[in-house]
Structure formats: C-alpha cells, structure tokens
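The values are calculated or read from the model by the stated rules, or taken from the named source; none is laboratory data. Fair warning: this is a prediction, and the values are worked out from it, not measured in the lab. Reconstructed Cβ throughout: ideal geometry from the backbone, glycine too, with neighbour counts over all protein chains shown. Just so you know, the surface numbers come from the protein's heavy atoms only, side chains and all, with ligands and any DNA or RNA stripped out. Shrake-Rupley method; radii C 1.70, N 1.55, O 1.52, S 1.80 Å.
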Amino acid sequence: SELFSELDNLSHEDIATAGYTKKVVRGEVLFHEGDPGVAFYVVGSGKVKIFKSSPEGKEQILMIAMPGDTFAEAALFAGGKYPASAEALEDSQLLVFQRDKFVGLLQRNPNLAMNLIGRLSALLHKLTRLVEELSLTDITTRLAHYLVEKIEADKLTDDRPVVKLAEKKSVLASQLGTIPETFSRSLAKMSREKIIRVSGADIEILDLARLGDLAGR
C-alpha cells in the first residue's frame, strides 16, 4: 500500500520511537470492539480479520488485512474506542503504532499524512459498498460478485478460470454477510445450474457470462 511505502521512507529512529513489532498467533484477539483505541497496525506478514459481532453471536467481517495493509486507523483520530474487533487468522507479524506518538510522525511527514487520508478514503468507499451489497443484494449475487472480483484481481484469463479461495468457507461466509450453511447452499445452487464446479478450495467457472449476469456486470 502507499501508506506502507511511505512508512518505509521513515528513519529507523522514527519507527523505533513511534512503533514496535508484535508477533501474534492464529486466533489471537488484538482488541475487542469497545476497547480504548490506543494504536493502529500494519501487517508485515499473515492475515488479520476485522469484524463486528451481534448480541446473538453472528459475525460480519468488515475486511481481511493482508501484508502491507493497515487497520484500526480510526484509533488515530477518534481518541475513543475501537469500532470493531480484530483477530489473527494465522500467525502474523505486525507493526504497532501508538496513537499519541504516531500523530507526531504525521505532523513531521506531510506525505505520510496525505497517504493516510487516501487510505481512509479507500476504506470508506469499501465499507460503503459493503453496506450497499448487504442491504440490496442476496447471497448468490454477493458470491458471484466476489468470484468475478477474484478473477479480475488474480488476472485469470482462461475460458474456464479456476478461483482459489484464499480463506476458509466459514470466513468467506462471514465476509459475505451470511452463515456457512447458507453460503454452502448458494455454492450448491450455482453448481447445479452448471455455472461453477467446486473442488475443495478451487472454484472452476464453467459459465463466465452467467456468472457476470448474476454479479450484475
């Protein structure tokens, strides 16, 4: 990310003053929704899910932070509480920036501040689209859209591209705003209609045109 690149340009002294590295293991919770927002994070390696939970225990993943991604930026400015929770999906190494000290870095490095604004704008756009999808589309449409985006992101050009699911189906179900059982039924429905063929974590696209129609493309 641009923000991560800008962090690379900072002096080692700046990094050491404002932040520190932290190793976390799979399943470790970094913070819960409502905890005091005291730091934000950059993923060096691994994956971290950012999510909200309902009182009934239903989980909605807002994003999965990959290497180079940042998360919990809201802690820098709100001065309040984390609006969501964060948990490591696998063993990860993170760069942790304490809010009070990082604000000083922003004041001394305008390019860093501008890139952070860009990152926040992109995140807002992503979350706005997520709200729209969850509000206005059904699970099959959301799944089709996810597969089309994966084809584009992975630059797959075969007539029958094979999408490799990067996450467990339970995690993908939460990303798409549903439960694993409903997610599996949607996969089965698309398989019966010969739009896709499922083999473990591999999804072969049998009919790109129909998949695009389902996704609203």
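General remarks:
- For Val131, the solvent-accessible surface computed with a 1.4 Å probe is close to 90 Å², ligands and nucleic acids excluded.
- 1.4 Å probe accessible area per residue over the chain, in Å²: 54
- Residue of Gly177, Gly68, Gly104 that the Gaussian network model of the chain assigns the largest fluctuation, springs spanning Cα pairs under 10 Å: Gly104
- Sulfur and carbon atoms: percent of accessible area, the range 14-150 [1.4 Å]: 56
- The count of lysine pairs in the range 45-158 that are at least 8 places apart or cross chains, and whose C-alpha atoms lie under 16 Å apart, stands at 5.
- Taking a ≥ b ≥ c as the square roots of the eigenvalues of the alpha carbon gyration tensor, the range 16-106 is oblate, as a/c is not under 1.5 and a/b does not beat b/c.
- Cleavage-rule hits (GluC sites (Glu not before Pro)) in the range 135-217: DSSP loop, at most 15 neighbouring Cβ within 10 angstrom: Glu193
- Efficiency of FRET from Cβ geometry, Arg160 and Lys101, R₀ 45 Å, rounded to 0.05: 0.30
- Distances between every pair of Cα atoms in the chain, grouped in 5 Å steps from 0 to the bin holding the largest one, split as 1, 6, 13, 17, 17, 15, 11, 9, 6, 3, 1, 0 percent.
- Point-charge dipole on Cβ atoms (K/R +1, D/E -1) for the chain, about Cα centre, debye to 20: 380
- Selection of trypsin sites (Lys or Arg not before Pro), the range 124-206, meeting DSSP coil and at most 15 other Cβ within 10 Å: Lys155, Lys168, Lys194
- Across the chain, the mean sequence separation of Cα contacts (distance under 8 Å, 6 or more residues apart), normalised by length, yields a relative contact order of 21 percent.
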